[in-house]
Amino acid sequence: MRPLPAREVAAVDALGLVLAEPVASRLDLPSFTNSAMDGYAVVAADLAEVPASLPVRGDIRAGATGEQRMAAGECWRIMTGAPVPAGADAIVPVELTDGGTTQVQVREQVEPGNAVRHQGEDLRVGDPLVPAGSLLLAHHLSAIVAAGVETVQAVPRPRLAVLTTGDELVPPGQPLAPGQIVDSNGPMLRALALCADVEVVAVEHVRDDDDLGAVVDRLAESADAVVTSGGVSAGAYEPVKDAYAGGDAVRFVSVAMQPGKPQGFGLVGGAGCRCSRCRATRCPRW
C-alpha cells in the first residue's frame, strides 16, 4: 500500500500532519534589530561613569514603524520588541534606572549589545526550519508561521468510512423490535478512529440483502479506507463475503479471537480493482 500523496495545506491547519517537504525560513528572524527588554536605548560609552543622567528623546513602542535615530549623550525609552533606533548599541533595563520620561538616571553600566536582538541572529532567509518527516506540533506551527511560511506540503490524515452490516442492527436511540440490537460498533469504530487522529468521512449501515460492493465503491470516492463490521462469517446472509469472496482482492481468514474469529482484509475500490466485481489485474489506487 502506498503512502497517501502529499498536498498543500495552510500552515495554521497542519497540526498533527506529517511534513512531506522540508520548510525553510522566508524571513530573517528577527526581521529587524529590536529590544529584548523594556528600558532605554543608549550608547554604552555614555555610561562610562555612573550614575549618569541622559535626556530622553521620546518613546519607541512595540509595533512602531518609523525609523528613529539618536546621537551620543541622549537616549530613547524603548519597549520590548520595539525597533532599536539607529545610533544606539545597547539597552539599559528599566530596573537599572529611575524610570524617567524626560530625563533618566542610569545607575549601572551595560556592555555594547546588551539586550539587543539583532536582525537575523536566529534565522536567515533560506535557513532550514523543520525537516521533512516531522510530525507537526504546536511549536512547529508557531515557528513556521513566524518565518513567513503560509503553506506546507504535508501528508493528509487518512479518510475513513465505517460500514456496519446486518438486519439486526438499529441506530442508537431507535426502538428495538424482538430480535434487534443497537448498532454500537458504528459509534465505537468512529470514536476509535477519531482517537487515532483519522478523519471519519462517513458512518453507514447496510442490510444483509443490500449491494455492499456498490456502497463500498461509492464510499471509496471520498475515503482512503473502509472498515466494515460483520458480514464475513461462514453462514448465509454475509454481505461482505457475498461481495468479495469470488475474487482475490479481499482475503478472508480466521484469527485466534472469540468472538470475531472471521476477519477479512483487502484493497478494493476504484477502476482496476481485482475483486469479483471488476476482474482487473491491478488496482491503481494502491
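Each value in this text was obtained by applying a stated rule to the coordinates, not by laboratory testing. Bear in mind that the values here come from a model prediction, so they are computed numbers and not experimental data. Positions of Cβ are generated from backbone atoms using ideal geometry, with glycine treated the same way; all protein chains shown enter the neighbour counts.
Structure values in brief
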{"read-out": "Between the stretch 140-199 and the stretch 62-84, the Cα center-to-center distance that results, in Å", "value": "53 Å"}
{"read-out": "Gaussian network model of the chain, springs between alpha carbon atoms under 10 Å - residue of Leu129, Leu96, Leu19 with greatest fluctuation", "value": "Leu96"}
{"read-out": "Candidates Ser25, Ser254, Ser229, ranked by Gaussian network fluctuation over the chain, Cα under 10 Å, top entry", "value": "Ser254"}
{"read-out": "Selected from Gly235, Gly246, Gly113 as most flexible by GNM, with the chain as the system and alpha-carbon contacts under 10 Å", "value": "Gly235"}
{"read-out": "Environment charge of Arg57, counting only residues whose C-beta is closer than 12 Å and scoring Lys/Arg +1, Asp/Glu -1", "value": "0"}
{"read-out": "Rounded if a/c under 1.5, otherwise prolate or oblate - the stretch 229-269, Cα gyration tensor axes", "value": "oblate"}
{"read-out": "Sequence-distant residues sharing a close amide H with Ser229 (under 5 Å, placed H)", "value": "Leu163, Thr164, Thr165"}
{"read-out": "Residues Leu15 and Val182, FRET efficiency given R0 of 41 Å [Cβ-Cβ distance, rounded to 0.05]", "value": "0.75"}
{"read-out": "Acute angle (nearest 10 degrees) that the helix 185-195 long axis makes with the longest principal axis of the chain, alpha-carbon atoms", "value": "20 degrees"}
{"read-out": "Residue (of Val227, Asn185, Gln258) at the positive-pole extreme of the stretch 159-266, dipole from beta-carbon charges", "value": "Gln258"}
{"read-out": "Size of electric dipole in the stretch 34-117: Cβ of Lys, Arg +1 and of Asp, Glu -1, about Cα centre, debye, nearest 20", "value": "260 debye"}
{"read-out": "In range of the label at Glu221: residues from the stretch 235-269 whose backbone nitrogen is under 15 Å from the point 7 Å along Cα→Cβ", "value": "269"}
{"read-out": "Contact order relative to length of the chain, as percent, for alpha carbon pairs under 8 angstrom and 6 or more apart", "value": "19 percent"}
{"read-out": "Unit charges at the beta carbon, dipole of the chain: most positive-side option, Val116, Thr65, Leu212", "value": "Leu212"}
{"read-out": "Environment charge of Leu4, counting only residues whose C-beta is closer than 10 Å and scoring Lys/Arg +1, Asp/Glu -1", "value": "+3"}
{"read-out": "Beta bridge orientation in the chain: antiparallel %, DSSP, nearest 5", "value": "60 percent"}
{"read-out": "Relative contact order of the stretch 159-266, pairs being alpha-carbon contacts under 8 Å that are 6 or more residues apart, as %", "value": "28 percent"}
{"read-out": "Dipole in debye (nearest 20) - the chain, about Cα centre, beta carbon charges: Lys, Arg +1; Asp, Glu -1", "value": "1020 debye"}
{"read-out": "Theoretical FRET efficiency, 1/(1+(r/R0)^6), r = Cβ-Cβ of Ala191 and Glu168, R0 35 Å, to 0.05", "value": "0.95"}
{"read-out": "Net +/- balance of residues flanking Ala72 in space, Cβ distance below 11 Å, scoring K and R +1, D and E -1", "value": "-3"}
{"read-out": "Ranked list, fewest to most other Cβ atoms within 10 Å of each Cβ, for Lys261, Lys241", "value": "Lys261, Lys241"}
{"read-out": "Among (i) 206; (ii) 198; (iii) 125, the entry derived from the coordinates for volume of the Cα convex hull per residue in Å³", "value": "(i)"}
{"read-out": "Mean separation of Cα contacts under 8 Å, 6 or more apart, over the residue count of the stretch 34-117: relative contact order %", "value": "43 percent"}
